[in-house]
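The values are calculated or read from the model by the stated rules, or taken from the named source; none is laboratory data. Owing to the predicted nature of the structure, the values given are computational and were not obtained by experimental measurement. Counting neighbours? That spans all protein chains shown, and the Cβs are built from the backbone with ideal geometry, glycine included.
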Amino acid sequence: MNRTRIVFFVIIGLAVVIVAAGLILQLFRSPGSDQEPTAVPGQSSDETLEVQIVTALPLADWVQEAANQFNAEKHTLEGSPIHVTTIAMDGLVAKQRYDRGEMDPLPTAWIPENRYLVELVNAAQKERLGRDVFLTDGEYRARPLLISLLAWGMFDSRAKVLEDKYGDISWQVIHDAAMAPGGWTELGGDGEWGYFKLAIPNPTKNVSGLAAMVAAAGEYYDKTSITVDDVTNPEFQKWLFETMSSMSDLSGGNYTVEDLRLFGYTTGDGGQLLESDLLVNIEGIQNAWKEPLRLVYPKYVTWFDFPFSVWMGPETTALQKNAALEFEKYLLTEEVQKKALAYGLRPANPNVPVTGEGSLFDTWAGQGALEVVPRTTAMRSPDRDVLQALLRWFELNVTGR
């Protein structure tokens with residue numbers, strides 16, 4: 001027998017041995033051992049569900065504190081760990097980035113200052129994409145997390161002078177004070193105070209500043225809803241210019257309440273500002289300037305409801321969207337909502353009172369902070385055309401003056 005045949009039979013023999021060994025092993029394998037391993041419910045997965053949330057500035061610290069605790073507690077969804085990160089951003093800036101397609105990557109959820117910002121972004125995206133990106137009903141609808149409102153914050157000495165001369169503080173009182181040729185001397189105050197200075201954030205860079213202009217228009221017309229015709233009325237524009245011209249250079253910044261704490265009367269004598277910002281900074285303001293800050297609630301109330309809004313586009317997975325809902329539920333729990341009181345924010349959970357341990361509403365009740373706002377006249381959210389008209393007017397007449 002030649003060498004080639006020997007090699008051939010050796011190979012055949014080895015193949016038979018291998019096949020036979022395989023059959024024998026199969027007989028001794030346990031039933032079901034040839035199936036793919038399946039995930040055990042609740043078992044952790046190596047793939048983390050990343051949830052990124054863009055958050056309005058007034059509640060950014062509260063959300064970040066909650067996110068740190070949520071992550072430390074190692075919450076999971078369908079076996080995958082959830083990890084939440086937050087980015088603090090003013091609602092107007094976020095709106096502009098959404099509109100220009102500059103939110104990259106798109107966050108899983110957005111918590112702006114007010115529901116109308118969500119509606120404006122959704123309307124713009126719907127025109128472009130032909131579908132909603134934020135929902136108004138169902139499981140994924142935008143839901144309020146916390147509540148705040150615009151209130152007058154004014155140094156006590158200035159507030160007393162204005163009330164003695166005009167009565168309750170209002171936008172008309174602010175206008176008249178701004179127009180007094182003799183400044184504070186004419187108003188009955190100290191001549192060293194100079195002229196009245198209005199403190200509000202820049203309306204083109206901060207939602208609170210824009211909301212203050214809307215509130216001023218509402219009071220001027222004595223109604224809760226304003227139109228483009230109202231904004232473009234020459235008489236109203238003259239009145240608004242006279243009022244806004246009293247803003248100091250510092251007052252036109254992004255964070256006016258912080259500027260009041262840092263620079264005091266140079267920033268302004270007072271203005272209509274977000275209640276939570278006032279409550280958080282009131283101690284620092286009076287410690288620095290040795291004068292109490294007074295809170296006064298306006299006739300027309302502008303509410304901020306900070307809605308948790310889940311992005312419904314394909315840029316995030318269904319699991320990421322549901323993971324965002326898990327964090328939303330966590331933010332609405334009584335324990336987490338109570339912590340908002342230390343940030344001057346009103347809980348949206350009806351089981352959590354505004355007063356209680358750590359509440360800034362209790363701490364500053366003596367300076368005007370109210371548990372219940374007595375006035376129910378709420379300003380309605382303006383539409384996109386009204387906002388654009390107000391912003392354009394401000395840029396042309398105040399920013400460049």
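List of remarks:
- Only one of the numbered conditions (1) within 29 Å of K126 (Cβ to Cβ); (2) out of contact with any helix residue (DSSP H, G or I) (no Cβ under 8 Å at 6 or more places or on another chain); (3) among the small types (G, A, S) is not met by A72, and that is (1).
- Within segment 192-211, the set of residues being at pLDDT below 95 and part of a helix (DSSP H, G or I) comprises V207, S208, G209, L210, A211.
- Flag for N351 being at pLDDT 95 or above and surrounded by fewer than 18 Cβ atoms within 10 Å (Cβ to Cβ): yes
- Matching option when the condition is without any contact (Cβ under 8 Å) to a residue 24 or more places away in the chain and surrounded by 15 or more Cβ atoms within 10 Å (Cβ to Cβ), among K238, K205, K223: K223
- Scanning segment 50-60 for residues that are over 16 Å from N322 (Cα atoms) and either touching a Ser or Thr at 6+ places or on another chain (Cβ under 6 Å) or surrounded by fewer than 17 Cβ atoms within 10 Å (Cβ to Cβ) (or both) yields T55, P58.
- Flag if F196 is crowded, with 23+ Cβ neighbours inside 10 Å, of a type in the set (F, W, Y) and over 24 Å from the mean Cα position of the chain (by Cα): yes
- Some residue of segment 311-318 being aliphatic (A, V, I, L, M) and either surrounded by 16 or more Cβ atoms within 10 Å (Cβ to Cβ) or within 17 Å of the chain's Cα centre (by Cα) (or both): yes
- Test result for V280, under 28 Å from W62 (Cβ atoms), surrounded by fewer than 24 Cβ atoms within 10 Å (Cβ to Cβ) and either of a type in the set (V, I, T) or under 23 Å from the mean Cα position of the chain (by Cα) (or both): yes
- Tabulated pairs, segment 161-183, first without any contact (Cβ under 8 Å) to a residue 12 or more places away in the chain and of a type in the set (A, V, I, L, M), second surrounded by fewer than 19 Cβ atoms within 10 Å (Cβ to Cβ) and assigned to a loop (DSSP other than H, G, I, E, B), C-beta under 8 angstrom, 6+ apart or interchain: V173/G167
- Reported count of residues in segment 270-308, each being out of contact with any strand residue (DSSP E or B) (no Cβ under 8 Å at 6 or more places or on another chain) and closer than 23 Å to S225 by Cβ, is 1.
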